[in-house]
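Heads up, the thing below is written out as structure tokens.
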Amino acid sequence: MTSEPAHMNPARSFQGLILTLQRYWAEQGCVILQPYDMEMGAGTFHPATTLRALGPKPWRAAYVQPSRRPKDGRYGENPNRLQHYYQFQVILKPNPPNLQELYLGSLKAIGIDTGVHDIRFVEDDWESPTLGAWGLGWECWCDGMEVSQFTYFQQVAGFECSPVAGELTYGLERLAMYLQGVESIYDLNFNGLEGDRKVTYAQVFQQAEQEYSRHNFEHADTEMLFRHFRDAEAACRKYLEAGEPKEGSNDSRHLMALPAYDQCIKASHMFNLLDSRGVISVTERQSYILRVRELAKACGAAWLKTEGGGMAA
Amino acid sequence: MPDLLLELFSEEIPARMQRRAAEDLKKLVTDALVERGFLYEGAQAFATPRRLALTIMGLPVKGQDVREERKGPRVGSPDAAIQGFLKGAGLTSLDQAKIESDPKKGEFYVALIEKPGRATTDVLAEILPQIIKAFPWPKSMRWGAASAEAGSLRWVRPLQSILCTFGPETEDPEIVRFDVDGIASSDVTYGHRFLAPGEIRVKRFDDYAPALERAKVVLDADRRKDMILHDAKDLAFAQGLELVEDEGLLEEVAGLVEWPVVLMGSFDEAFLDIPPEVIRTTIRANQKCFVLRDPKTGGLANKFLLTSNLIASDGGKTIVSGNERVVRARLSDAKFFWETDQKVKLEERLEKLKNIVFHEKLGTQYERVERIAALAKELAPIVGADAALAERAARLAKADLVTEMVGEFPELQGLMGRYYATLQGENPSVAAAIEEHYKPLGPSDRVPTDPVSVAVALADKIDTLVGFWAIDEKPTGSKDPYALRRAALGVIRLVIDNNLRLKISEPAFYASAMHQYVSYLRSRLSELEDIETIAEKMRSEELEEAAIKFGGGTKAIELEDAREFFGNRDLGVDLLSFFADRLKVYLRDQGARHDLIDAVFALEGQDDLLMIVRRVEALGRFLDTEDGANLLAGYRRAANILRIEEKKDGRAYNEAPDLEIVNAQGQIEEKALAVVLNGAKEEAQKAVEAEDFEGAMRALSRLRQPVDAFFDKVTVNAEDPVLRENRLRLLNSIREATRTVADFSRIEG
């Protein structure tokens, strides 16, 4: 840490935290990806996790993923809640035997000294009904605060993970608040600089939080969203069908798993927006989740028939 | 005698599973050893977040030698038979067999097979991998590169290493060598994750436990609990405070640390405006911390105790301040919920209950509230409650489900409703009923006594029972997902503890709930287009039937219709017998004799819970008296004679005795019995009608002397057939008279 300039110190700079984590995981052999260019509820939705967790091929990746949870918007007024926030996602398949040590190493890298901080692994079983996925693991606590999720994926898109991938998710804002010792997300120092050159999280995102809260709760065009949901669902099915291996061909690979999966991501986000607009009743809710899950499962099945999913040409 | 030490070292085991896993490990290993003839002196199992450990003391070095004689074929048998015998007995030639003879078979071969006992280490190396592979974790997982293969090892979290040694105290034990999915057993373990992470070589349990202790691992969960409790009390005492003890939390916290260090943190006093239950729940659920009471005020103090897993180099300063931050954020949320919730009155929240599905086939909470309110109103006069208050309380009872606070902490349901109802000026009985209508939650939970609470609590439970019975979701075996047994027991306790007169067959009791339910089905009809839609949407044949039945007409559904509808599926009868079963269980738990319960239930029309209980009690007391015991003996004698004679004659003697015959031909004892019988039966009947079971028993006790005298002096099987028949009828009258209070034939002992 000493070689870094002060404004890159994770304890002072939000972006310094991100860069430190990227560097750390790059050293563990991860490919450092950029955020996926679609709206999604969590880093797990990124095809680099969902799809790459399926099939026999080894895979290591780390990336930041902006996560959109329309319902969590609070018009920029709640110090702890955002409808758009950053997750830092790490996926290692198969999980190395020392994944816990690697994780603790990442905490050390961002300045969490295990000599004074109480780090705990508290049972937390993860399940995503929309992705047809589940795994066992923990919430990782630092001094009583949940700073990461640690999951051994057992099933994704309805398929057994073989081999199992280890997934780490860091809630970056919360972690940064702790490292910087601030009580509100908006007070985070984004760039680590001081005085005139300091940029806060509020300067970057507070206006967006206000505007998107209005959008998510009051104005998002529900008729359009319903239509987009149906369109995405239909398109997903259409692409999956078009990508199916041709009868009589000796190439049995699927040719369009990824574009189809994009439509699944889109449908999921449309559902989240509709949910936050309060136009989906409790009974309907379940059926929408089921519809997205069916798409995810079909995409997973298609992925397993691609080269990335382990199918030989 | 040698000892076994086994340690299964893994990543963090969920706290709630540790204790059970240690017990399972002990049972599985000792059972497997005993099954193979290996006895032991003692065994102990332990669990920490990262390890299960087992020590078995006093095992033999090897198993018992077994000598077995096996009879073979006759001398001179065909070669095939001889070869088969040699092979089966493991012999190479007939020289190794001896020859015996008996008169029947002549001379034949006998093989003496000696099996030396197997070395214990070999047996352990065989059984331990099997036990590990099939360990009964409630939830288990695969991991790592090995998980690419089908059938790879499953454990609760990745299993890192296995330590297994076996040997006597006097010499160096050996490692029991085995391999489970690539993990080879060794004599190595590891200490505390942060305080002493290095390798530790271990010989046996005697040095294992102290070595771990030095490496900052307390192996025994109960000792960790003691340490936490002791330190927590000390810290509290030093501040003049008292620990609010919480056994469940203590057990959980002890499963989250290998080396407990208790630290005290504090929060802003302003948060103490929040109800104490909320503070406690917040801090407990989210932070797994204990709260403290201030003995001076009786209320909570603005302090909490956390249990860390670290001897921190800064004395715990960083840990405390980190935890304080989180507690502050949580309490801020709670305070926000508490204040926002108060801005909306409970009745204004009812609309939102339309969004909460109670059960797919039983509608929303809103619809349920409508039913409970109607039922509570109807039950009110029976339980002595003001009908308007009962209805009001029922209407508000579920409103807190849509408050922010209960959304965050579902376990505060009812309690928050009471707080908010009190704050908005509801009648105190209404406010209390909102909290208490869930009660009693279990056999040891308090039973509400305020009539308004009783009315709503009964309505809530009866609606649940009738609803789930109607959709045929009854408890089966150990499965009771909707806690219907608890609901029925709740009804029973509410009725009995409050001395309520409520017949379980009476319309007010359940038919009204049925009526409500049918109305609900009907209301669904107007909402939906046609019967098919309903059937498809609700996936319920019963709804379809209901739709067909009630769909066409416009007239309001009458109670009779409801009865008929549910009567057809024997719902009423079935639910009543469920109540009867629950009542038996309840009485048995109260210490009543099951045969007395059966004796009372065997009578016709037993549907008044309170009267059943009183009758069982009175019967028990009566049978404990000498009169009671003798009457029972007399009854049995009469019943036995009747049974034998009725069987012999192929007819029953149910008619009343002819008193003229008694008077004209009977003996004096016979006359006396006839007179007393008549009077006693009538008196007992009257007493039963007046619900005076003691009086009824007293009336019956008058029978004792004449019955005894009758059996002493009178020959039942008289030669004169007319006299004999009349005497048998007299015996039948004894049987009849006792039936006024119970079926004596069911009484045992």
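The values are calculated or read from the model by the stated rules, or taken from the named source; none is laboratory data. All of these numbers come straight from a predicted model, not from anything done at the bench. Please note: Cβ atoms are built from the backbone with ideal geometry, for glycine as well, and neighbour counts cover all protein chains shown.
Identify all residues within segment A:122-160 that are more than 22 Å from B:P260 (Cα to Cα) and more than 18 Å from the chain's Cα centre (by Cα); write none if there are none. Before you say what the answer is, go through the steps one by one.
Applying the first criterion (more than 22 Å from B:P260 (Cα to Cα)) to segment A:122-160 yields A:125-137, A:148-160.
Within segment A:122-160, A:G158, A:F159, A:E160 meet the criteria.
Select from segment B:192-225 the residues that are over 20 Å from B:G167 (Cα atoms) and over 39 Å from the mean Cα position of the chain (by Cα) and list them in ascending order. Scanning segment B:192-225 gives B:F194, B:L195, B:A196, B:P197, B:G198, B:E199, B:R214, B:A215. Here B:Q287 meets each of (1) within 14 Å of another protein chain (Cβ to nearest Cβ); (2) in contact with an Asp or Glu (Cβ under 9 Å, 6 or more places away or on another chain) with one exception, condition (2).
Yes/no per residue for (1) modelled with pLDDT under 90; (2) touching a Ser or Thr at 6+ places or on another chain (Cβ under 9 Å); (3) polar (S, T, N, Q); (4) surrounded by 17 or more Cβ atoms within 10 Å (Cβ to Cβ):
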residue	(1), (2), (3), (4)
B:V447	no, no, no, yes
B:V452	no, yes, no, yes
B:A455	no, no, no, yes
B:L458	no, no, no, yes
B:K461	no, no, no, yes
B:A470	yes, no, no, yes
B:G477	yes, no, no, no
B:D480	yes, no, no, no
B:R486	no, no, no, yes
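Among residues of segment B:460-489 that are in the same structural domain as B:A373 (by TED's automatic domain parsing), those with a Cβ under 8 angstrom from a residue that is assigned to a helix (DSSP H, G or I) and of a type in the set (D, E), sequence gap 6+ or separate chain, pair up as B:W469/B:D574; B:A470/B:E542; B:I471/B:E542; B:D472/B:E542; B:K474/B:D574.
Please indicate, with yes or no, whether at least one residue in segment B:268-276 is away from chain A (no Cβ under 14 Å) and β-branched (V, I, T). The answer is yes, given that some residue of segment B:268-276 is away from chain A (no Cβ under 14 Å) and β-branched (V, I, T). Specify the residue that is modelled with the lowest pLDDT; the eligible residues are those in segment A:68-106 that are part of a helix (DSSP H, G or I) and of a type in the set (D, E). Among them, the one singled out is A:D72.
In segment A:147-165, the qualifying residues are those that are more than 7 Å from every other protein chain (Cβ to nearest Cβ) and hydroxyl-bearing (S, T, Y), and the one that is farthest from B:L159 (Cα to Cα) is A:S148. Considering only residues in segment A:104-127 that are crowded, with 19+ Cβ neighbours inside 10 Å and more than 11 Å from every other protein chain (Cβ to nearest Cβ), the one that is nearest to B:W155 (Cα to Cα) turns out to be A:W126.
B:L610 meets all of the listed conditions (1) surrounded by fewer than 17 Cβ atoms within 10 Å (Cβ to Cβ); (2) touching a residue at least 60 places away in the same chain (Cβ under 8 Å) but one, namely (1). When segment B:692-749 is limited to residues that are assigned to a helix (DSSP H, G or I) and of a type in the set (S, T, N, Q), the one that is nearest to the chain's Cα centre (by Cα) turns out to be B:S745.
Screening A:G144 with (1) at the interface with chain B (Cβ under 9 Å from one of its Cβ atoms); (2) in contact with a Ser or Thr (Cβ under 8 Å, 6 or more places away or on another chain); (3) of a type in the set (G, A, S) gives one miss only, at (2).
B:D624 fails exactly one of the following numbered conditions: (1) free of Cβ contacts under 8 Å to residues at least 12 places away in the same chain; (2) not assigned by TED's automatic domain parsing to the domain that holds B:K713. What is the number of that condition? Checking B:D624 against (1) free of Cβ contacts under 8 Å to residues at least 12 places away in the same chain; (2) not assigned by TED's automatic domain parsing to the domain that holds B:K713, the one that fails is (2). Counting only strands (runs of 3 or more DSSP E) that fall entirely inside segment B:72-188 and contain at least 2 residues that are within 30 Å of A:D124 (Cβ to Cβ), the qualifying elements are B:159-167.
Whenever a residue of segment B:300-313 is within 12 Å of chain A (Cβ to nearest Cβ), its partners that are among the basic types (K, R), lying with C-beta atoms within less than 7 angstrom and at least six residues away or across chains, give the pairs B:N309/A:R120.
Please find, among B:R36, B:R16, the residue that is of a type outside the set (G, A, S) and within 14 Å of another protein chain (Cβ to nearest Cβ). Answer to the selection: B:R16.
Checked against the criterion of being farther than 17 Å from A:A165 by Cβ, surrounded by 20 or more Cβ atoms within 10 Å (Cβ to Cβ) and free of Cβ contacts under 8 Å to residues at least 40 places away in the same chain, segment B:132-154 contains one or more residues that satisfy it.
Every condition in (1) surrounded by fewer than 21 Cβ atoms within 10 Å (Cβ to Cβ); (2) in contact with a Pro (Cβ under 9 Å, 6 or more places away or on another chain) is met by B:P443 except one, and the failing one is (2). Exactly one residue among B:A380, B:A388 is crowded, with 21+ Cβ neighbours inside 10 Å, over 19 Å from B:Y482 (Cα atoms), of a type in the set (G, A, S) and assigned by TED's automatic domain parsing to the domain that holds B:G490, and that residue is B:A380.
Within segment B:39-54, restricting attention to residues that are assigned to a strand (DSSP E or B) and among the hydrophobic types (A, V, I, L, M, F, W, C), the residue that is farthest from the other protein chains (Cβ to nearest Cβ) is B:A43.
Got a number for residues in segment A:80-103 being within 7 Å of chain B (Cβ to nearest Cβ), closer than 12 Å to A:L168 by Cα and touching a Lys or Arg at 6+ places or on another chain (Cβ under 9 Å)?
Residues in segment A:80-103 being within 7 Å of chain B (Cβ to nearest Cβ), closer than 12 Å to A:L168 by Cα and touching a Lys or Arg at 6+ places or on another chain (Cβ under 9 Å): 1 in total.
All but one of (1) in contact with a strand residue (DSSP E or B) (Cβ under 8 Å, 6 or more places away or on another chain); (2) surrounded by 18 or more Cβ atoms within 10 Å (Cβ to Cβ) hold for B:V369, so report the exception by its number. Answer for B:V369: the failing condition is (1). All conditions but one from (1) in contact with a Gly (Cβ under 6 Å, 6 or more places away or on another chain); (2) within 14 Å of chain B (Cβ to nearest Cβ); (3) over 27 Å from A:S276 (Cα atoms) apply to A:G192; the one that does not is (2). Under the condition of being assigned to a loop (DSSP other than H, G, I, E, B) and under 17 Å from the mean Cα position of the chain (by Cα), the residues counted in segment A:161-173 number 1.
Restricting attention to segment B:181-201, the residues that are closer than 18 Å to B:S10 by Cβ, surrounded by 15 or more Cβ atoms within 10 Å (Cβ to Cβ) and at pLDDT 95 or above total 13.
Restricted to segment B:21-73, and to residues there that are within 28 Å of the chain's Cα centre (by Cα) and without any contact (Cβ under 8 Å) to a residue 12 or more places away in the chain, the residue that is surrounded by the most Cβ atoms within 10 Å (Cβ to Cβ) is B:K27. The helices (runs of 4 or more DSSP H) found wholly in segment B:559-622 and carrying at least 1 residues that are at pLDDT 85 or above and under 23 Å from the mean Cα position of the chain (by Cα) occupy B:571-589, B:594-601. Going by what's in this entry, would A:E209 be described as among the charged types (D, E, K, R), at pLDDT 95 or above and part of a helix (DSSP H, G or I)? It is true that A:E209 is among the charged types (D, E, K, R), at pLDDT 95 or above and part of a helix (DSSP H, G or I). Restrict the check to segment B:139-152 and report whether at least one residue is under 18 Å from B:L33 (Cβ atoms) and at pLDDT 90 or above. No: zero hits.
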